[in-house]
Structures are given as C-alpha cells and as structure tokens.
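Reviewing the structure listed below.
Derivation of every value follows stated rules applied to the coordinates shown; laboratory data play no part. Quick caveat: nothing in here was measured; it's all calculated off a predicted structure. Neighbour counts run over all protein chains shown; Cβ positions are idealised from the backbone, glycine included.
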Amino acid sequence: MSVIGKDLIDEVKEFGVKATLAQRADDLFTRATAGLSWNDVRGILRGDAPPKPNPRVYPHTEAFWFHIRPSFYHEAVTTLYPTFRLGYLSALFFAIEIITGIFLMVFYTPSPERAYANMIDIMTNVPFGTFMRNLHRLGAELMVIIVTLHMWRTFATGSYKKPRQFTWFTGVMLLIMTMFLSFSGYLLPWDQLAFWAVTIGTSMADAAPLVGPQVNLLLRGAPDIGAGGLLRFYLFHVLLFPAIGIVFLSVHYYKVVRFGISLPPHMEKVGDDTARKVRPEQRVPFLPDIATNEIMYAAVATGLLALSCVTWYAGAPFETHSNPQITPLHTVAPWYFYWLQGLIKIPHIIPFLPESLAIPLDKFVAGLGLTPKTLWGIVIPPIIIVGLFAIPYLDPNPSRRYKDRKIALGIGIVFELLILYLSLGGIPTGVPATGFGYVGANPPVEVGQEFIPDEGESLVKAIPYDQLPPGTYKITGDPAIANAPQLNAVIKDIYMLMEEKKDVRDPLGRVLDREADGTVVISNLQTNVRRFTINISYTDDQGIPQLFTKDAYIHADSGYAK
C-alpha cells in the first residue's frame, strides 16, 4: 500500500490532481473493457477509423465474452442473407429464457400441493409476474421456431459440409435440447393442459419394446405423474437440459468462430471453403459494425416479444388445476410434437397398401412383436434423429450451390412437407383433405366442445353476465332474446354448426340426424353464478333417441367478457 500511495503522490506532484485522477479512471476503464481506453470507445461511438495498431482487437484476446466472437467478419455474411441472423437470435432467446426463468424460479415450488397456487400468485401478486411468465412461455415457443428455421437455413445453404460436420452435429443437439427444454417446462404450471399434454407425451415412451415401461416410469417417477414426475421435470428444466444446452452452445460458437460463417454458396468454388480467407478490403470489424448491428437486432426482437406479451399474447395458457380423474376432450401433446403424435396414428405397418393387404401384414408382423404404433412411434423417430446427425456424411456432393443440390433440396422439402402433414394428423381434427388423424367425438359432442370446451375460454364464457337472462331458449337461426345481442349471436352460431353437422359427414362417416334440435337453458345456480346448458336431442346410428347435455358456469366477475 505504501508503494501505491507513493506512486499516487508522485503522480499528483508531477501531473496534478485532475490529470492524475483522469489517468487513473482511464486505466480502470481500460481494464474493465479488456484493452479499450475511453478515447477508443468514443472513437467507436463516433464511427472513427481505428488507429494502428488497432486496439479494438484487444477484447477478442483478453475478454471472456468477446473471446468467442471473431474480430472481423466477411462482408458477405453481414447482410440479412444468408444467415438471417437466426443463429444469433437463437442464442438471444436462450438468454431471455434463462433470465425470465430465474425470475419465475424465485416464486415457484415444484410440489403438487404448491405449484398451481404459486402460478396463481405469480400472475396476481408478483409485480410483473404475468408479464415475465408470458415472456418465458412465448419466448420458449419462438425459440423452438427460430432454432428449427436456423437448422433448415443451414441445410438449404449446404453449410453442414466439410469442414463443418461437427458444427452441424452440435446444432442438431441444440435443436433436441431446445425441444426438451420446452417440453420439460410444459408440466410446471400443473394445470390440466400441462398435466395431460405431458401424460400423452410420456406415454409415447411406453410403446418402446423391452424398456418402454421402465423409461415411462423413470420419466414419471410413478405409474402416473405426481410429485416425483413434477420434481423430475423441474430438475430437467432448470438444471440438466440448460447445462447440456450451454455446453453444446459453447462448442457450437467455438466451431463457428474456428471455421467462420459459411459464405453464400455462389461465392465459393465447388469444394472450396474460403470463409476464413478474408482479404483486408472485405473485412467488417466486430467493433463497432457487427456489435451495433447485433444490439439493434436484440433490441428489436426483445421489443417485439415484450409488445406481444402485453397485446395478443397477454395471457399465456393456464387452465384449471390438474385432475388425473378427468381427461379433457381433444388433449394433445405440445405443438412441436404433433408430428410424433401423427406418426403414432399411422394405422398400418405399410400405410399405403389396400386394407385387404395391410391388415394381414399387420397381423403377421404383430406375431413377430412389432405393431404399427411401435414401428412409427418408437422405431422411426430415433432413425429420423440419427439421419439428421448423419446428413453431412450421407451427402457426398461437394458443391453448396443450389443448382447442384436439387436432389438434397428436394428430399429436404419432401421431409418438411411430411412433418407438416404428420403434424396436422397429430391434432384431433386431422388433415382436412384426407381425414388422416381425425379422432373427433360424435357430432353433438363436437358441438358442445366447440362452444363449451373442457378447458380454456369460449364464446359462451365471453357473453357478458348481464346478457344471460335465465330461461329456456330454442336453438334457432334467428333468436330474438331482448337486450342480449351476444347471447343471440352465440345461439345462432350453435344452430349454424348443428346444420353443418347435419349436412357434412365427419372423416369417420358420422353425421347429425336431420331431426336433431336443441335448447339453451340459463339458470341461476347461486348468487352471481349462472349455469349455461346446451341440450341437443338427436337419434344415434342405431335409431335410439339420445340427449346430449353440457354445462358451463359463469360468474358475474369472471372477466371473460371483453
């Protein structure tokens, strides 16, 4: 300390107090920026040309964060094409998920007794709790989309070819981790939507030969999802998958810096890779050009995400408390696993054979221990994943140019169309054109589900409480209930859907009989609570009269009406 004090006193004597303090402050600033003085930063902000030797490369050799970024880029990759900044946006949304996730962790307990109450507390009592949950939920779903698009862009431009095979491998791992991260977080709200979506997702593993029941039990922690399953998914979500993701993201970034961002395909000779061979006149420095560009992208992306979370996505899905005794109609896995659910719905070992051949073949193969569900739901998905890993080694074509890769690009497009088709088949309504995957209920039940779904908001719940006068009203195309325009509109919509069900058969051939009719009954259940009942009288396929009834309960202060 005496030496430091003596040096300080000597500097004050020689240069004065003001100059000494300014120099000491600049030295501290230079240490904080890993080599950039205040004047260097001012020059960057003003857009001045760097001096020689260029001090702006020091942070890339001395600092932790900048060390994983190259000091310059090829000018060809600084525009929107060919990267579309999808890789950067993937990392940005991963960071957003970590920040918002830590915020939510503070107020959350992974226990069936506390989880649902914690979620309500976050959305009602925690300052900005709903906003942060919306950011986390929407950010997770956008991250799945962006990472998928980034992978497709990499495939389309042939950027997986030598020397970037391992970079592609880490990218596939990051895509898998992204989906697992989102899926593991799906259960944490502990509502009906989460509980049954994860129940369906984990039950897919049960069809695996030999180890299926054990894997299912390992994931759930019990025969049914409960305290053990919730704790497992919580630890997967906040520890295991983020840790794996950070490791592979670090390796991925290192490889990108090591080999450079691949140039647009037309700029390189066939079989040549010149991303790292950048002539001085083609170099764009990271500071300030790329850094300011990325700050702009981050600001716009974060701003649009925040704006979405206070407008059209102001309420992330949150349903009633989980109930293992009641399975909501039309429950599905998370949307990014629709394709997997569609695979499980494939009815035959070879789906395009005539029924006369497909059914005997199914019976023969079943005798060998292989069913369509096992083949398409358990065997095929791992083969698809292994195929993604192996793409750089299965494609011998050295060219990255689009005109030379018609077969690879064609296969990629067909693959994406199949994923889209299977995803449509994974939802209850199935594929509109072919009916593949349709699992709808009887027409009256579908009418009830449309207007009074088991979970979530609905047109019925959106009717203002003062427009629900108690009484019995016939379902017609021209209801005339006084002072209840929204109630009239809903009854008319019910009538129109019933008429459609009478005219159009569903993919299973079922239709509502022509004589079917119905009523809406509104009754006072208790103070400030009214029951809305849909009654549909119809005749089933066996000619037996039936009555379908479904209720909704609406509180005066429910807040559904906008």
### Under 18 Å from the Cα of LYS6 - lysines, other chains or at least 8 residues apart
LYS18
### Message
I'd like the distance separating the alpha-carbon centroids of region 325-340 and region 27-96, in whole Å.
### Response
45 Å
### Task
Would you be so kind as to identify which of VAL379, ILE481, LEU424 lies farthest towards the positive end of the dipole of the chain, taking Lys and Arg as +1 and Asp and Glu as -1 on Cβ and the Cα centre as origin?
VAL379
### Task
Quote the relative contact order of the chain in percent (integer), defining contacts as alpha-carbon pairs under 8 Å separated by 6+ residues.
12 percent
### Nearby lysines by direct alpha-carbon distance to LYS269 (threshold 19 angstrom, same-chain neighbours under 8 apart not counted)
LYS161, LYS162, LYS277, LYS403, LYS406
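Nearest 20 debye, what's the magnitude of the dipole of the chain about its Cα centre given +1 on Lys and Arg Cβ and -1 on Asp and Glu Cβ?
2060 debye
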#### Entry: Top positive-direction residue, dipole computed over region 246-353 with Cβ charges, set PRO334, LEU249, PRO280
PRO280
## Note on the structure
Given 73-83, 173-183, the highest-first ranking by average Cβ count within 10 Å works out to 173-183, 73-83
### Query
How big is the gap, in Å, between the Cα center of region 487-514 and the Cα center of region 107-184?
39 Å
### Message
My understanding is that a pair violates if its Cα-Cα distance is over 26 Å; which of LYS345/LYS501; LYS502/LYS550; LYS373/LYS502 do that in this structure?
### Response
LYS373/LYS502
### Summary
Calculated from DSSP helices alone, with each H run of at least 4 adding -39500 (n - 2.57) and the total divided by the residues of the chain, [θ]222 nm to the nearest 500 comes to -16000 deg cm²/dmol
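What does the C-alpha gyration tensor say about the overall shape of the chain? Classify as rounded when a/c is under 1.5, otherwise prolate if a/b is larger than b/c, or oblate.
The shape class here is prolate.
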